[in-house]
Number of protein chains: 4
Amino acid sequence: MTGSHRKLRYAMVGGGQGAFIGAVHRQALALDGQFELVAGALSSTPDRARASGRALRLPESRNHGNWKELLADELRRDAAERIDLVVIVTPNHLHHPVACAFVDAGFHVVCDKPLVHTGAQAEELAAAVRRQGTVFGVTYNYTGYPLVRQAREMVRAGELGAIRKVVVEYSQGWLATPQEAGGNKQAAWRADPAQGGLGGAIADIGTHAENLVTTVTGLRIESLCADLTAFVPGRALDDDASVLLRFEGGARGVLVASQVMTGVENGLRLQVAGTGGSLEWHQEDPNRLLHRPLDGPARLLTRGGPGLCEAARRACRLPPGHPEGFIEAFANVYLGVAGAVRAHAQGRAPQPLEADHPGIAEGVRGVRFVEAVVASAASAQKWTPLPD
Amino acid sequence: MTGSHRKLRYAMVGGGQGAFIGAVHRQALALDGQFELVAGALSSTPDRARASGRALRLPESRNHGNWKELLADELRRDAAERIDLVVIVTPNHLHHPVACAFVDAGFHVVCDKPLVHTGAQAEELAAAVRRQGTVFGVTYNYTGYPLVRQAREMVRAGELGAIRKVVVEYSQGWLATPQEAGGNKQAAWRADPAQGGLGGAIADIGTHAENLVTTVTGLRIESLCADLTAFVPGRALDDDASVLLRFEGGARGVLVASQVMTGVENGLRLQVAGTGGSLEWHQEDPNRLLHRPLDGPARLLTRGGPGLCEAARRACRLPPGHPEGFIEAFANVYLGVAGAVRAHAQGRAPQPLEADHPGIAEGVRGVRFVEAVVASAASAQKWTPLPD
Amino acid sequence: MTGSHRKLRYAMVGGGQGAFIGAVHRQALALDGQFELVAGALSSTPDRARASGRALRLPESRNHGNWKELLADELRRDAAERIDLVVIVTPNHLHHPVACAFVDAGFHVVCDKPLVHTGAQAEELAAAVRRQGTVFGVTYNYTGYPLVRQAREMVRAGELGAIRKVVVEYSQGWLATPQEAGGNKQAAWRADPAQGGLGGAIADIGTHAENLVTTVTGLRIESLCADLTAFVPGRALDDDASVLLRFEGGARGVLVASQVMTGVENGLRLQVAGTGGSLEWHQEDPNRLLHRPLDGPARLLTRGGPGLCEAARRACRLPPGHPEGFIEAFANVYLGVAGAVRAHAQGRAPQPLEADHPGIAEGVRGVRFVEAVVASAASAQKWTPLPD
Amino acid sequence: MTGSHRKLRYAMVGGGQGAFIGAVHRQALALDGQFELVAGALSSTPDRARASGRALRLPESRNHGNWKELLADELRRDAAERIDLVVIVTPNHLHHPVACAFVDAGFHVVCDKPLVHTGAQAEELAAAVRRQGTVFGVTYNYTGYPLVRQAREMVRAGELGAIRKVVVEYSQGWLATPQEAGGNKQAAWRADPAQGGLGGAIADIGTHAENLVTTVTGLRIESLCADLTAFVPGRALDDDASVLLRFEGGARGVLVASQVMTGVENGLRLQVAGTGGSLEWHQEDPNRLLHRPLDGPARLLTRGGPGLCEAARRACRLPPGHPEGFIEAFANVYLGVAGAVRAHAQGRAPQPLEADHPGIAEGVRGVRFVEAVVASAASAQKWTPLPD
């Protein structure tokens, strides 16, 4: 482990009381002792922001009512106490202004997905990151699971041969009823185009599925054909998406993202088949990866068990059979960010596995994917290209 | 059970030595003591046909070298020994001539799927069946599983509410390599358009998936959008299909049928979600049905266990926990055919559950589905309608 | 397959209307076209026996009111029509007289388990079988599953190394309430010592677990320590058993047999661990066998899939992924009996896999096991030896 | 959550570099932001202790070379900075002196299991705890899983009726080879009676199984019958245990604890059956609990899902479908300790669920269990009583 390094100091924007994902980020950040929360602007409502900060024991001087105060205050502080990075866990529409401002000010940034609302915003942000040379992480947390990394490495090493078919399904049931009308804050902002963006389910969970597929296969989606539906009456954005995918090199795929699969909890399932074998992984049973080689019986790879590659082994804290879960996978993304930040501080490029985390490129790609899906859904043409 | 009824006499066309599915039909026909094999034309090669018949202990006089002889011979026989029905398990291209001939001659017929090559052939056959008023079964055997019938009845009874989303996936890996070039007879005729028909995987297994979906949901597919691929070099027909579905009433679906999912055995999986709950069933684990109601914990329904409807209970031979499988499901289709044939003999309409089997309508629908998928795959338009 | 051999003729004793297991035997016997039912004495109640025979289309002349008539009638018949074997599926207390009489008369016999009530009866019967040299099968049907045979062969081939620990659990819940008091005929005779024998659950299902363990491991149980309980008020025989096992060579084991595991269906689960690896198999999911080698990831062996030995492959009818179940496993036992009977008819010893079925030795062993368990349960000494 | 409370300050004894469980404790302690590590004596080797403390960023003045220095130093410190509790994660033989010393000095203590080597030591420690009135936690971490708490509450509420049968199995394979001879420090001290205590597998994992059973059922083990084996040559303590259990009130049970189940990872599985239903839970799939009621289909309860009791809901951080694992369960034990410590500081008794953690009573019970198992294994008498 990172040993006697000092902890990295972070501020959080968003994620206060009533938010779900902010607490998950904080637990993931706490898990490995690499980060400490030192400042925050935890809500867009100043009173709620400050109450949230007090509950988290933030000192009053660093517990801000909005993110602009936070930024200004940090810029005034001495380097010895200034934050290393900011973690942005606001509703989607705030990602762009907050991320741009902190990047421009020279801070490392971690931002939740989907990165921003439009491809143009994404490009602008990416340009800023390139200009600054700072670290930028996007919390596509599912690729932090050790066995997803194992899958990625197996594809890279050619163990599946040439990839032919991908089926990825991300099903949830929690929006089968109009939660957004009943005071569920999480549902409300996601269902509002002004806050959530162009896409509903496709942006909220479809983009996770897209990231999982492209991370594991390493293949670019060249074109797609989408059907978006808003099943729940009154809903402005899709709550269900079905997408055909065509990848560079000829592979084909299907992506399903639905939040009206009644009773399903968090059913993200990936199948990848190549000429030499196939893989199957399910997020609700994340400590196992089924590998079916072309010849010979299926192999059941387990987190921490025999047969794992270095990238997967590094992502395991516990011996096999001691389940790790969602928070641990999330923490693995943050460990990659920590590695990148520490290497940056030392003025060197990180080792490949040291900085294993989704970055600005993945964030941009996700936004373009959502844009293309939404365009395809409105089109009578079968195939909508996805720009490179 | 049917008690002291005499056994129904059947002849088989196709299904001789080297065929896989013929033996399955015979085992399914034997299981419940309702049928006896009395005649056959078991191959299109006369010598092979007769050798196959001898191995099955057919009397020489009813062991024919081709199906026309068989038909002629049966027509000459006395009603007391004449067959009740013919079972057609030839390669697809022979379904149409054989089925038409036997229907026209007044015999009951069971035919494997896909029924015929074209919608026009299907209509012609359906018209003949209507004219004769005879029983016609199509062995969409997966709907013979007790828990598939349970799923169908739960949808009919409204237990899932209005259906919104269907995901059906039928994956196999056995055609990931060019089996047809290596002497695998099963693979060879399926890969030959003259024998297999318009579709490859979409006809061979996609049509099972279509039948499963429409049987369980009771919904008509209005339009679809398909991507067909032949991955294995030299293959003339698709070995992989991805299809978006739009159902009457607004439900949406995804159908995947692939025979290049390396290492996957017979992965037919169905998910159906409605406003009131969802169902999940997997053919490789067929004795369980997961029911997720909108409110309350998931229920694990088991074959023979508590909470099953009459249609499912009738389809169970054994107490719960004593696995029934593929042959038993197949035999359930034949029990439905037997019920229909016996009712016909008594000049009465069968009770609804007595004749529970896929018939000519399902066969026609499957052929039209394949035609529409093939048309869609060749089209730049997104949606291809499926005629009513 | 056995091709043009004539079918073997069998009579059934017991198994008439209201019985469960008789129908299973008949379906298993029908499945592969190797046997035909030609005579019977299907109940100990003459009227019920004859009504049952009529429902099965037995000719009146061979549809008997009791087994002694059946035996006398068969002895009068010409060899060309006489039965080859008798199948005994009565309540346990009739196994001994019926089996002895048919063996003494020179017939091949298949008898349900547990073989008889006492070790002395078992020895007497075994001596008769030795004297006659006829075929004797005992329907320990669970060892007919292809993957149980795979497990047995892997142990024999040394793939697990030296066996150390065995855990076998056979749990059911159907006797959690006093079924025997409520008119359940199956429950009633099992709960009556005069009909069921010395043991309740230990005889009814524990003996299956014993057979599974000793068949797979090939190890003799040297001593055991048992705790038997009758949980349901008024029950004379145990409905729950827990047994510690010590095997020759030092392996240790635990056997649980319970019929009061409320809600459990037919939960027979086996784990065998050796110095080189371990196996896990569950009867409710019988088409998979988990093999965990000492080094390397777990392997998931599937029925019909790659990596199976000849003994397992021969026991498969269908390609992988097409589930086979309880009846098919049962039918595999009968295929072994058929092989033995045909070899006997040809005056030769069967090939090893041709006659793969549990026989008189396994039957005797099961009876002694039940006796030892009952003795141990009544003893204050820890270990009760099991005679060789 | 606990909101603006200050973090509780803890010191750790043991758990330095090369230890496995120390890091798990620290991650669990960090997860919810309730604790901060402020001091330590992280190894019995002073140099290793101090190097470990530096790696964890302990200030030099609180980074001690042995636990006596730590204790002396803490007693010198002002209450405002003094530790609230000590966490003892040394090899077993040090639990007793360290725990006694800190309890006597008035500190709250968390100690790993098994508590101490002998019942006499356990009693002495328990008396000290009673005398001081301080909080004492024992990290039987498996009872921290939300669905184990759900199981416990269902039994308490009578949802299973009267408990009849319990089967608990804790299997691992990591000691199938002589790890202790090959430099594995974890294996070495466990295999040494001077450090590990009377029992090998029975103490290391059997005691977890015992705690799981007695916690969930609420039943006292009255007597037991054990078979202990050391399979690996040269091993002084058991690596395999099979135990029959008799509970107060007549329930029966079987406990298996084996560390030679080759290839098994951390297979802790519990089944509990009562007159009204049964439960099944598996630690390697901890987010699901199968409930089989006497009547009606099985219910699949999920962590965070519908139908959970308050005790289980409080133990969940994430929505259903977002897996929580071993560390989260461990952290739940520490949340209970935190609740108890905070209530103690406020001079009040904790609310029942606020202090939900295994305590000194469970620790004493575990030690007595190991003693009884070891005594039974050496006895020719079947039943060995377990003192109340």
Distances from residue A:194 to the same position in the other copies: list them in nm, one decimal, shortest first, using label points 7 Å from Cα along Cα→Cβ. 6.8, 7.5, 8.6
Would you kindly work out, in nm and rounded to one decimal, the distances from the label point of residue A:295 to those of the same position in each other copy, ordered shortest first, with label points 7 Å along Cα-to-Cβ? 2.2, 5.8, 5.8
Taking only the alpha-carbon atoms of the stretch C:268-315, the convex hull volume per residue, in cubic angstrom, is 82
Note, ³J(HN,Hα) from phi for the stretch D:323-338, Karplus 6.51, -1.76, 1.60, rounded to Hz, x at Gly and Pro: x, 9, x, 4, 5, 5, 5, 4, 5, 5, 4, 5, 4, x, 5, 4
Unsatisfied cross-links (Cα-Cα over 26 Å) in the set A:7/A:68; A:165/A:185; B:185/B:382: A:165/A:185; B:185/B:382
From the label point of residue A:218, set 7 Å from Cα along Cα→Cβ, how far away are the matching label points in the other copies, in nm, ordered shortest to longest? 4.6, 5.1, 5.8
What is the sum of charges around residue B:31, taking Lys and Arg as +1, Asp and Glu as -1, for the other residues whose C-beta is under 9 Å from the C-beta of residue B:31? -1
The answer for trypsin sites (Lys or Arg not before Pro) in the stretch C:334-388 that fall in a DSSP coil and have at most 11 neighbouring Cβ atoms within 10 Å is C:348
Relative contact order of chain A, pairs being alpha-carbon contacts under 8 Å that are 6 or more residues apart, as %: 18
Using the Kirkwood radius built from alpha carbon pairs, what does the Stokes-Einstein equation give as D for chain D at 4 °C and 1.567 mPa s, in µm² per second? 61
Beyond 14 Å, what share of the Cα-Cα pairs of the stretch B:48-114 remains, rounded to the nearest whole percent? 61
Label residue B:162 and residue D:20 with points 7 Å out from Cα along Cα→Cβ: what is the distance between them in nm? 5.5
Sorted largest first, the Cα spans of the stretch D:1-148 on the principal axes come out in Å as 37, 35, 32
Just the number, please: Stokes-Einstein D of the stretch C:227-269 in µm²/s, Kirkwood Rh from C-alpha pairs, 37 °C, 0.692 mPa s. 275
Normalised by the empirical 2.2 N^0.38 Å for globular proteins, what value does the Cα Rg of the stretch C:249-295 take? 1.38
Distances over 19 Å make up what percent of all Cα-Cα pairs in the stretch A:340-388? 49
Just to confirm my numbers, what's the Cα centroid distance between the stretch B:3-71 and the stretch A:107-133 in Å? 69
What Kirkwood Rh does the stretch B:256-388 have if only Cα atoms enter the pairwise 1/r average? Answer in Å. 18.1
Measuring from a point 7 Å past the Cα of residue D:104 along Cα-to-C-beta, which residues in the stretch D:355-371 have an amide N at less than 17 Å? none
If you restrict to DSSP beta bridges whose two residues both lie in chain B, what percentage is antiparallel, to the nearest 5? 60
After finding the eigenvalues of the alpha carbon gyration tensor for the protein assembly as shown, what semi-axes result from the square roots of 5 times each, listed largest first in whole Å? 57, 44, 25
Taking amide H positions as placed 1.01 Å from N in the peptide plane, with prolines and chain starts having none, which residues 5 or more places from residue B:223, or on another chain, fall under 5 Å of its amide H? B:246, B:386
Span from the the stretch C:342-360 Cα centroid across to the the stretch C:258-334 one, whole angstrom: 24
How large is the translational diffusion coefficient of the stretch C:90-216 in µm² per second when you combine the Kirkwood radius over alpha carbon pairs with Stokes-Einstein at 25 °C and 0.890 mPa s? 149
For residue A:171, distant residues with modelled amide H under 5 Å away: A:258, A:267, A:268, A:269
Would you compute the Debye intensity of the stretch A:101-156 from its alpha-carbon atoms alone, equal scatterers and no solvent, and pass along log10 I(q)/I(0) at q = 0.13, 0.19 Å⁻¹ to two decimals? -0.44, -0.76
In nm, spacing of pseudo-spin labels at residue A:77 and residue D:80 (7 Å Cα→C-beta vector): 2.3
Gyration tensor (Cα only) of the stretch C:206-297 to equivalent ellipsoid, semi-axes in Å sorted down, yields 27, 18, 9
According to the Cα gyration tensor, what semi-axes, each the square root of 5 times an eigenvalue, does the equivalent ellipsoid of the stretch B:153-281 have, listed from largest to smallest in whole Å? 31, 14, 11
Please compute, for the alpha-carbon atoms of the stretch D:1-75, the extent along each of the three principal axes and give them in descending order in Å. 38, 29, 17
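Throughout, read-outs are computed from the coordinates displayed, never taken from laboratory work. Predicted model, so just to flag it, every value in this text is computed and none were measured. So basically every Cβ, Gly included, is an ideal-geometry build from the backbone, and we count neighbours across all protein chains shown.
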